[in-house]
């Protein structure tokens, strides 16, 4: 990805929009008793389109903004999401996006990773309350939602960042040679 | 060239990871810092706008989910109606007796909201997506008289307490927050006191612990705030705010204490409007 100030601004707007959508819309929606989460999907897609650094920086920013807005302990979400974005970016740097199933599948797998990592961080920091087995169901269902959210998120983010994507440039119209005097 | 790029990448990654750990170390267990308060104040109006704009879409999705749930609930509710009809007859008699006793003792009739408190209605503008935190953000703050530790209720019962305040907004730690402090609560019909805490992953289920094992606690008993007061300490909550109902009792009986499961009266997942009880003496 070619990062210009204009593209940086677009990425910042994507991050801001994703956080607002998560806190004001998805967090208040319940499907089968589970709150869908869009943030790992956005970070994963940014990693897949922009590489490991873009994924890591986007993940860190998203995590920091969410923790600030919810007045939660800073750092935990940033750490988890920067790792998630970095892993998505590493995949992109090593392999091609051969099929359109790669982004949703990455969203499924890495959202599951992000949820598990977040749980691990919380447990390491010490949780006094008992932990219900329903946490596992929550993780699994959130990952399935992320699979379905991955497709529209990927299409929307790719469209927004198209001018910066090296392999996404629109093919130029070929000018047919014309014989003079014909 | 490539090596230089690789080194720069590694440096950025290391910097981000170190920053995350540093932030975590510096802010864990602390209340809202200046950065969080600033960001909340700046984004408060944006969040409020987004919340209002997205409400119709949110309600549509929740309608599908609730319809799905309602089918299963219908049968259970029919059985419950039968049960309640029988209980109502007994309650009418008890209410009559209660009214007479109150008059005799010259006690003031109290509702859900205790006297001495002012009510500030607030809209929930954001909530945590994680099961590991039970916090919501409301659109009323210090400028409306909201202060840290003010109790927050809905018409159904206790919801939580204010944990941080900015001028135009506040963060409420819900009673279902696993990291929240325990709430001193009592069983309404026999006065048995315990400490209420949450369970990670199941916001419909709270645990009332450290109840005297000698007390007989039955399913369906109401749980209210204890609101105790000692010379140097006092509960954050005023007494007798409804919290929930006992759904399973006892789940663990040790030598001296027992535990019961409690389902909150308030619909914690579907909070749209809440009331903050400001002022008053706890």
Restricting region A:13-30 to residues that are free of Cβ contacts under 8 Å to residues at least 40 places away in the same chain and within 7 Å of chain B (Cβ to nearest Cβ), the residue that is nearest to residue A:43 (Cα to Cα):
A:20
For region A:120-132: of the residues being assigned to a helix (DSSP H, G or I) and at the interface with chain B (Cβ under 7 Å from one of its Cβ atoms), which is surrounded by the fewest Cβ atoms within 10 Å (Cβ to Cβ)?
A:125
Answer yes or no: is there a residue in region B:52-62 that is at the interface with chain A (Cβ under 7 Å from one of its Cβ atoms), out of contact with any strand residue (DSSP E or B) (no Cβ under 9 Å at 6 or more places or on another chain) and at pLDDT 85 or above.
no
Could you count how many residues in region A:33-59 are within 27 Å of residue B:138 (Cα to Cα) and within 7 Å of chain B (Cβ to nearest Cβ)?
2
Take region B:117-142 and flag every residue that is within 11 Å of chain A (Cβ to nearest Cβ) and outside any strand (DSSP E or B).
B:128, B:129, B:130, B:131, B:132, B:133, B:134
Are any of the residues in region A:103-116 within 14 Å of chain B (Cβ to nearest Cβ) and surrounded by fewer than 18 Cβ atoms within 10 Å (Cβ to Cβ)?
yes
Looking at B:146, B:93 in this structure, which one is modelled with pLDDT of 75 or more and either surrounded by fewer than 19 Cβ atoms within 10 Å (Cβ to Cβ) or outside any helix (DSSP H, G or I) (or both)?
B:146
Are any residues in region B:6-37 modelled with pLDDT under 80, closer than 21 Å to residue A:23 by Cβ and either more than 7 Å from chain A (Cβ to nearest Cβ) or more than 26 Å from the chain's Cα centre (by Cα) (or both), and if so, which ones?
B:31, B:33, B:34, B:37
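The values are calculated or read from the model by the stated rules, or taken from the named source; none is laboratory data. All values reported here derive from a predicted model rather than from experimental measurement. A quick note on method: Cβ atoms are made from the backbone with ideal geometry, for glycine too, and the neighbour counts reach across all protein chains shown.
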